[in-house]
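A.B. asks: Supplied in structure tokens, the structure appears directly below.
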Amino acid sequence: MPKKCLIAIVAGEASGDLIGSHLIRALKAAIPDAAFTGIGGPKMQAEGFPSLFSMEKLAVRGYIEVLRHYLEITGIRRKLVRSLASAKPDIFIGIDAPDFNLELERRLKKIGITTVHYVGPSIWAWRGARIKGIAKSVDHMLVLFPFEAQIYKDAGIDATYVGHPLADIIPERDQTNEMRSLLRAPSGCRIVTLMPGSRQTELAHLGRLFAETAVQLAKLVPNVHFLVPLLTRETRAQFDQALFDAHATELPLTVLFGHGRDALAASDVALIASGTATLEAALLRKPMVIAYKMNSFTWRLMSKLRYQPWVGLPNILSGTFVVPEFLQDEATADNLAQALANLLMDPVVTRRLPPKLSALHVILRQNTAARVVATIQRLLGLKVVT
């Protein structure tokens, strides 16, 4: 009996879990006898993916934060290398999480396992020197943005531009009223979605700030209602504490378990921690303010390595300041509340911003699943069916 095709996948955070679920569904359709192993979150597991470890353990960002969890994270990686060396997967796909996955890929490549990295590390934004290390770890890079592929090819790394799966998933039609009805948002209110991050480390830095911002905004703009989508009980508990600490427990606010994209679609404006959620908001053509804070030592280190004046994906992809960003010391409740109020009260922004964001949708919609699967099939030596 022929051996099943074994595909190992590791995703390290919520955005990777979404991409991974999209990928698994497409791989199952193209390679019906495929089996899977590795690490994934709830969306991947819903597709039948057996996760060997909790994905939450890997969802740590920033130098200091990683150091605090270093022993646990390296222990997981060590066990995973042993497991995969024994299982001998036909291919390994690391989804984002470069600090974890690139070292894992280097070790797997060394023992003869073909390695693919899906979502290129942001070497065009910072830490460009890492590209030499990437070449030692990765057989093939799958990149989400059109300008990335040539950067990797110039460094001798095979790369394929596949577009972004969110651009395929998110429809271009307006969903505002539909999502407000689904989420039972109060009618006649301005809806403001707060997204302080999917990781507990992000909530530690941004939870109270977002709560204080909501308090300030409610003073500036009448008749607002806040939606706060959170992924886990732990982050819900953190945000509840942040509301208490900010004296914000009486805010007109609905906390949701999941439903992040629905909450963005329902909103008039969003306050978002820098990350994939900013791209979701852009694809939904929603005005937003981007904010981020981290450990001050980590910030000082990362600031020295930045290549671009922007960190938000809508601004990076547009090559200009399309939406406001407030980082570290500039991320204050006063600044964020005023920026949100400006977006809510300015009809010019309401008219001009959506077409700019819609252009990103066109660029990123590439039938990503089909492109990724075709690349994986070629690497596996299988016939590509188009």
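The values are calculated or read from the model by the stated rules, or taken from the named source; none is laboratory data. Since the structure is predicted, the reported quantities are computational estimates derived from the model, not experimental observations. As a convention, Cβ positions derive from the backbone with ideal geometry for all residues, glycine included, and neighbour counts pool all protein chains shown.
A.B. asks: Could you check, for the stretch 144-155, whether at least one of its residues is in contact with an Asp or Glu (Cβ under 8 Å, 6 or more places away or on another chain) and at pLDDT 90 or above? First the steps, then the outcome.
C.D. replies: Taking the stretch 144-155 as the starting set, the residues that turn out to be in contact with an Asp or Glu (Cβ under 8 Å, 6 or more places away or on another chain) are 152.
This time we only want the ones that are at pLDDT 90 or above, so: none.
Scanning the stretch 144-155 turns up no residue that is in contact with an Asp or Glu (Cβ under 8 Å, 6 or more places away or on another chain) and at pLDDT 90 or above.
A.B. asks: Filtering the stretch 335-386 down to residues that are modelled with pLDDT under 85 and aliphatic (A, V, I, L, M), which residue is farthest from residue 142 (Cα to Cα)?
C.D. replies: Among them, the one singled out is 348.
A.B. asks: What do you reckon, is residue 277 modelled with pLDDT of 95 or more and closer than 22 Å to residue 201 by Cβ?
C.D. replies: Taking the combined requirement at face value, the residue does not satisfy it.
A.B. asks: Counting residues that are within 20 Å of the chain's Cα centre (by Cα), surrounded by fewer than 22 Cβ atoms within 10 Å (Cβ to Cβ) and in contact (Cβ under 8 Å) with a residue 60 or more places away in the chain, which helices (runs of 4 or more DSSP H) fully inside the stretch 152-248 reach at least 2?
C.D. replies: Answer list for the stretch 152-248: 165-169, 200-220.
A.B. asks: Return the residues of the stretch 77-90 that are in contact (Cβ under 8 Å) with a residue 12 or more places away in the chain and surrounded by fewer than 20 Cβ atoms within 10 Å (Cβ to Cβ); say none if nothing qualifies. Break it down stepwise before answering.
C.D. replies: Narrowing the stretch 77-90 to residues in contact (Cβ under 8 Å) with a residue 12 or more places away in the chain: 77, 79-81, 83-85, 87-90.
Selection gives 77, 79, 81, 83, 85, 87, 88.
A.B. asks: Also, I was wondering about something else. Is there a residue in the stretch 250-268 that is more than 24 Å from the chain's Cα centre (by Cα), surrounded by fewer than 19 Cβ atoms within 10 Å (Cβ to Cβ) and either charged (D, E, K, R) or part of a helix (DSSP H, G or I) (or both)?
C.D. replies: yes
A.B. asks: Among residues belonging to the stretch 109-142 that are crowded, with 23+ Cβ neighbours inside 10 Å and among the hydrophobic types (A, V, I, L, M, F, W, C), point out the one that is modelled with the lowest pLDDT.
C.D. replies: 119
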